[in-house]
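J.: One structure follows; several queries about it will come next.
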Amino acid sequence: MSKGTKEFLRKAFKCTDRVVRKALNHEEGSDSDLCKKIRAVALQRDGVTMVTLPEMETIHTADGRMVQTFPNGVRIEAETRGAGMVRVIRDGETVRSWENPKCNEFEAIQLLAMSL
């Protein structure tokens with residue numbers, strides 16, 4: 001987001017830079033009505049929704065697969081060529097699978113993997 005938009009938000013909502021940063025970064029305590037309004041106006045301007053997930057190992061193989069391994073031991077295996085099958089695997093067993101999920105569905109798949 002541009003510096004100008006952050007300044008606009010600060011002035012429009014009569015708040016500090018810290019409040020704007022807290023709202024935009026979804027920091028703890030940013031679920032107030034003010035922070036929600038700041039985020040809504042930011043998206044109307046030049047703001048972009050970003051997804052932040054815990055760190056996980058991601059490997060892309062030469063044969064067209066992607067494997068993400070989460071700290072809880074759960075893996076996501078995805079075919080990046082061909083059928084596009086995506087599987088969530090725990091303890092060697094497929095918990096759930098999808099055929100050709102859309103990119104915007106992948107966050108939900110990752111959240112499922114993290115929750116197991």
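The values are calculated or read from the model by the stated rules, or taken from the named source; none is laboratory data. Fair warning: this is a prediction, and the values are worked out from it, not measured in the lab. We place every Cβ from the backbone using ideal geometry, glycine too, and count neighbours over all the protein chains shown. When the accessible area is computed, the model is the full protein with side chains, heavy atoms only, and any ligands, DNA or RNA have been set aside. Shrake-Rupley method; radii C 1.70, N 1.55, O 1.52, S 1.80 Å.
J.: Read phi for every residue in the range 81-93 and hand back ³J(HN,Hα) as whole Hz from Karplus 6.51 cos²θ - 1.76 cosθ + 1.60, θ = phi - 60°, with x for Gly and Pro.
T.: Once θ is set to phi - 60°, the couplings for the range 81-93 become 10, x, 5, x, 6, 10, 10, 9, 10, 10, 6, x, 10 Hz.
J.: Taking Cα atoms, how many degrees apart are the long axis of helix 3-12 and the longest axis of the chain, rounded to 10 and kept between 0 and 90?
T.: Approximately 50 degrees, to the nearest 10.
J.: How high is the relative contact order of the chain, in percent, counting Cα pairs under 8 Å that sit 6 or more residues apart? Kindly include the intermediate steps, with their values, before the conclusion.
T.: Numbers: 138 pairs, mean separation 15.9, N = 116.
Relative contact order here is 14 percent.
J.: Another question about this same structure. On a 0 to 90° scale, report how tilted helix 106-115 is relative to the longest principal axis of the chain, with both axes built from alpha carbons and the result rounded to the nearest 10.
T.: The angle comes out at about 80 degrees.
J.: Another question, then. Which ³J(HN,Hα) values in Hz, rounded to whole numbers, follow from the phi angles of the range 13-26 under the Karplus curve 6.51 cos²θ - 1.76 cosθ + 1.60, where θ = phi - 60° and Gly and Pro get x?
T.: The phi angles translate into 9, 6, 9, 8, 4, 4, 5, 4, 4, 4, 5, 5, 9, 6 Hz.
J.: Now for a different question. What does the net charge come to around Met85 if you take all other residues with beta carbon closer than 12 Å to its beta carbon, with K and R at +1 and D and E at -1? All intermediate terms of the calculation are to be shown ahead of the outcome.
T.: On the way: positive: Arg65, Arg81, Arg87, Arg96; negative: Glu77, Glu79, Glu99.
My count for the surroundings of Met85 gives +1.
J.: Whenever you get a sec, compute what percent of the accessible area on the chain sits on carbon and sulfur atoms (1.4 Å probe).
T.: Working: 3960 of 8010 Å².
So the carbon and sulfur contribution to the accessible surface is 49 percent.
J.: With every protein chain left in place, what is the accessible area of Met114 in Å² (1.4 Å probe, nearest 10)?
T.: Only protein atoms counted, so the area is about 50 Å².
J.: Continuing with the same structure: With a probe of 1.4 Å, find how much accessible area the chain has per residue, and write the answer as a whole number in Å².
T.: Details: 8010 Å² over 116 residues.
Heavy-atom SASA per residue in the chain reads 69 Å².
J.: Right, another one. Return the Rg/Rh value of the range 12-86, two decimal places, where both radii are evaluated on C-alpha atoms and Rh is the Kirkwood radius.
T.: On the way: Rg = 18.6 Å, Rh = 15.4 Å.
With Rh from the inverse mean 1/r over Cα pairs, Rg/Rh is 1.21.
J.: Going Cα to Cα from Lys14, which lysines come in below 23 Å? Please leave out same-chain ones fewer than 8 positions away.
T.: Lys3, Lys6, Lys22, Lys36, Lys37
J.: Could I ask something else about it? Working out 0.36 nm times the residue gap between Leu116 and Lys37, then minus their Cα-Cα distance, what length gain in nm do you get to one decimal?
T.: Values: separation 79, 0.36 × 79 = 28.44 nm, distance 3.31 nm.
Between Leu116 and Lys37, full extension yields 25.1 nm more.
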